[in-house]
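The values are calculated or read from the model by the stated rules, or taken from the named source; none is laboratory data. Given the structure is predicted, the values throughout are model-derived calculations rather than measurements. Neighbour counts are summed over all protein chains in view; Cβ atoms, including those assigned to glycine, are modelled from backbone coordinates with ideal geometry.
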Amino acid sequence: MRLWPIFAAAALLLLAPQALSAANYTYHRDIAPIMERQCLRCHKAGDIGPMSLATYEQVKQWAPRVRAAVSVRKMPADQAGEHNSRFYEQTLKERDMSILLAWIDAGMPEGKKSK
C-alpha cells in the first residue's frame, strides 16, 4: 500500500492554514502591535532611530529596509549592551519575525483601523 498520498494530504492540512493566514496579516491588526512592542522605543519622530516607523505609511515606505534588517537580525538593536535597559531583551521573537516578513511579502495590506 502506498502511503505517500496520505502523507501529502496530512502535510497540506498542516501547512495550508499557515500559508492562508500569511496572506491575511494586516498592518493594523498584526504589524502595528509588533512595531509598538519592538520598534517604537527608538523609531519614532525625534528619537534615536534614523526613521520613524509609527504609522502604516512610514512602515510601508521603509519596508525593504525593515525586511533586510530583520532578516539578518540587525534589528531590533542589541549592540547597546545589556546594561542599557532600553535595548535589553528586545530580540524579535521568531513568530513576530515570520509575521512581519510574510506581511511584507504579501504586499503590506493595511487592513482596518480598530476603534
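Miscellaneous remarks
- Test result for residue 45, out of contact with any His (no Cβ under 9 Å at 6 or more places or on another chain) and modelled with pLDDT of 90 or more: yes
- For first residues located in segment 68-82 and more than 15 Å from residue 94 (Cα to Cα), partners that are modelled with pLDDT under 80 and lie 6+ apart or on another chain with Cβ distances below 6 Å form the pairs 77/87; 78/87; 80/87; 82/88.
- Residues in segment 29-76 that are closer than 17 Å to residue 101 by Cβ and assigned to a loop (DSSP other than H, G, I, E, B): 39, 53, 72, 73, 74, 75, 76.
- If the condition is being surrounded by 15 or more Cβ atoms within 10 Å (Cβ to Cβ) and among the hydrophobic types (A, V, I, L, M, F, W, C), then segment 96-110 contributes 97, 99, 100, 101, 102, 103, 104, 108.
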